[in-house]
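The values are calculated or read from the model by the stated rules, or taken from the named source; none is laboratory data. Computed from a prediction, not measured in an experiment: that's the story for all the values here. For neighbour counting, all protein chains shown are included, and Cβ atoms are generated from backbone atoms with ideal geometry for every residue, glycine included.
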Amino acid sequence: MPEQCRIGPSAGPGDGPVSVPIPVPITGLITGSIPVPVPVPFSTLSPTLFQRVLPSAGSRRRTDTVTVAELRGRERVITANRQTSWAFADAFVAEDEALRWARDRAREAGLPSVSPGTGAALRMLAATADAKAVAEIGTGTGVSGIYLLLGMRPDGVLTTVDPEPERQQFARQAFRAAGFAGNRARFIPGRALDVLPRLADGGYDLVFCDGDRTESLDYLAESLRLLRPGGLVCFEGVFADGRTVDSAAQPPEVLRLRELLRAVRESPELLSSLLPVGDGLLCAVRRP
Ligand SMILES: C[S@@+](CC[C@H](N)C(=O)[O-])C[C@H]1O[C@@H](n2cnc3c(N)ncnc32)[C@H](O)[C@@H]1O
């Protein structure tokens, strides 16, 4: 029996989501028929934001049958299976005592931390960049900082900025518990836009942004100045819990995130990728 899947709207007005039967050969772990009611509100995707990545489905009739090969790479197709796979990917990495401790402190403070999947991606990106100098906006209690340090060179230094010294104190403890020497991290209390201008031009291999979402575009501008050619900038939380692609009225924070996504995607200085880990990790390399 074919898997049921939903196709999102075309960029044109009035096109709601449609259900199409997809002849998927069912293999591996998946057995039996898979009726997949898709909870993702495709009808609410912002056409302006996604016009380029979501090719028009205007020519496709509601009864069309599409093959898996045709679907590959089309973001408008999401199955419940894929959502399960995302959850699996996000929980793929086991966390140690120090990470759990930092996560618990964040939870007590009502503060979000990067997911294990996002942390693992950051760790891998820092290692890939052979990062010696990383700047972080939004220390929190140190969850993301531990992952970044794990990926950086053994002599690398993380410069991390947060206006809340008490949170940075927790992060300092967490870094110590994770086995990092005190000179591996430089804690700067303050707001990013006050602190970043004091950091050296071209002096950073990676900039991780997880501070105030309304300042995202300013973080991008500062990051382009701070990064060496070939360096990476990453923005956490760009899905905003699904609100980024929801056409209902959204707060300024979400509108700024949409502007950020467009700016990064369209910047001639950057090569970008939006990783669907955690709440969305937007990554880009500054072209050499
Ligand atoms: C989501 S938490 C960071 C979590 C952390 N990256 C982690 O995964 O463990 C956001 C942090 O940004 C900080 N923050 C808020 N406004 C900021 C600003 N203007 N500049 C720098 N940090 C800011 C908050 O105090 C908070 O600790």
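Some observations on this one:
- Helices (runs of 4 or more DSSP H) completely within the range 143-219 that count 2 or more residues being surrounded by fewer than 19 Cβ atoms within 10 Å (Cβ to Cβ) and at pLDDT 95 or above: 165-177, 192-195
- Whichever residue in the range 107-123 is touching a helix residue (DSSP H, G or I) at 6+ places or on another chain (Cβ under 6 Å) and of a type in the set (A, V, I, L, M) and, among such residues, is farthest from Thr159 (Cα to Cα): Val114
- Residue in the range 251-262 that is among the basic types (Lys, Arg), in the same structural domain as Ala120 (by TED's automatic domain parsing) and surrounded by 15 or more Cβ atoms within 10 Å (Cβ to Cβ) present: yes
- Residue count, the range 229-246 (criterion: surrounded by fewer than 15 Cβ atoms within 10 Å (Cβ to Cβ) and within 14 Å of the ligand (Cβ to nearest atom)): 1
- Flag if Ala135 is assigned by TED's automatic domain parsing to the domain that holds Ile188, touching a Phe, Trp or Tyr at 6+ places or on another chain (Cβ under 7 Å), under 26 Å from Asp212 (Cβ atoms) and not in a helix (DSSP H, G or I): yes
- Ala178 over 13 Å from Phe208 (Cα atoms) and either more than 8 Å from the ligand (Cβ to nearest atom) or of a type outside the set (Phe, Trp, Tyr) (or both): yes
- Selection status of Arg103, near the ligand (Cβ under 9 Å from one of its atoms), farther than 24 Å from Val285 by Cβ, of a type in the set (Lys, Arg) and in the same structural domain as Asp241 (by TED's automatic domain parsing): yes
- A count restricted to the range 226-268 and to residues that are in a helix (DSSP H, G or I) and among the acidic types (Asp, Glu) stands at 4.
- Of the residues making up the range 128-142, those that are surrounded by 22 or more Cβ atoms within 10 Å (Cβ to Cβ) and at positive phi number 3.
- Matching residues, the range 189-228, being under 18 Å from the mean Cα position of the chain (by Cα), near the ligand (Cβ under 9 Å from one of its atoms) and small (Gly, Ala, Ser): Gly211
- Any hit, the range 96-105, residues being aliphatic (A, V, I, L, M), touching a residue at least 12 places away in the same chain (Cβ under 8 Å) and part of a loop (DSSP other than H, G, I, E, B): no
- Members of the range 142-154 found to be within 6 Å of the ligand (Cβ to nearest atom) and of a type in the set (Ser, Thr, Tyr), listed by number: Ser144
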